[in-house]
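Visitor: Just passing along the structure, written as structure tokens.
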Amino acid sequence: LPNWSFSEDEQFVYDVVRKMSGEKGLNDVTLYGMPILLESDRIKFEHYSNLNMKICRTSYLDRTDTLVKEFRNAYFDLYNDFPSEEVFKGFDMMMFIGRSLNNYGKNFQYFIDTYESSLYQTAYKVQKIFTNADDSFKDIQYFQNEHLYILEFKDNHFIPN
């Protein structure tokens, strides 16, 4: 189920999930989909388990990890609140950029595809996307993180596959 846009696709995605769940019978079904399956309030627990869902995401936060717990506690001590997913994303991005600057200097973007890093919720494996097949730096169109997590619903929660 490749749909991912809330504004345009949420009702369609929900309808497909509900119909698949109701009509699968005794057949084993695995539904692969985008983060909308995890983020939508309309899709319920029984859909996840009934359809053996696997969801493609760019990030995954293991809340049982010791480092994640330490970060949460330190954040709470400082701000008297728990960190949101955006806090972890922002921290990971700044650490990645900071380490890249430290390793390669102010022109780190030319070497960013040689550095891989796993942080709290994001792993970085950045690739250069070129406008032409030519590898010259002047033809870089943009950079893309090619690392993705496939989260599998197992034992009543999502874990990386």
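Visitor: Residue by residue, what Karplus-based ³J(HN,Hα) values in Hz, rounded to whole numbers, does the range 64-72 have, using 6.51, -1.76 and 1.60 with θ = phi - 60° and x for Gly and Pro?
Guide: 8, 5, 4, 5, 5, 4, 5, 4, 4
Visitor: A follow-up question, please. Counting only protein heavy atoms, what percent of the accessible surface of the chain is carbon or sulfur at a 1.4 Å probe?
Guide: After summing per-atom areas, the C and S share lands at 51 percent.
Visitor: With a probe of 1.4 Å, find how much accessible area the chain has per residue, and write the answer as a whole number in Å².
Guide: That works out to 65 Å² per residue.
Visitor: Tell me, what ³J(HN,Hα) does each residue in the range 77-89 have, in order and in whole Hz, if you take phi through Karplus 6.51 cos²θ - 1.76 cosθ + 1.60 with θ = phi - 60° and put x for Gly and Pro?
Guide: Here the 3J(HN,Hα) series is 4, 7, 10, 6, 7, 8, x, 7, 4, 5, 4, 5, 4 Hz.
Visitor: When a/c is below 1.5 the answer is rounded, else prolate if a/b is larger than b/c, else oblate, so apply that to the range 8-62 with a ≥ b ≥ c taken from the square roots of the Cα gyration tensor eigenvalues.
Guide: Because a/c hits 1.5 or more and a/b fails to exceed b/c, the range 8-62 counts as oblate.
Visitor: In terms of modelled amide H atoms, which long-range or inter-chain residues lie less than 5 Å from the amide H of Y32?
Guide: Under 5 Å from the amide H of Y32 lie the amide H atoms of K54, each far enough along the sequence or on another chain.
Visitor: While we're here: Which three numbers, in whole Å and largest first, are the semi-axes of the equivalent ellipsoid of the range 41-161 derived from its Cα gyration tensor as √(5λ)?
Guide: Ellipsoid half-lengths, sorted descending, are 31, 22, 11 Å.
Visitor: Using DSSP to call loops (not H, G, I, E or B), can you name the chymotrypsin sites (Phe, Trp or Tyr not before Pro) in the range 47-134 whose Cβ has at most 15 other Cβ atoms within 10 angstrom?
Guide: Passing sites in the range 47-134 are F111, Y115.
The values are calculated or read from the model by the stated rules, or taken from the named source; none is laboratory data. From a predicted model like this one, the values you see are computed outputs, not experimental measurements. Cβ: placed from backbone, ideal geometry, glycine included. Neighbour counts: every protein chain shown. SASA here: full protein model, heavy atoms, side chains in, ligands and nucleic acids out. Shrake-Rupley method; radii C 1.70, N 1.55, O 1.52, S 1.80 Å.
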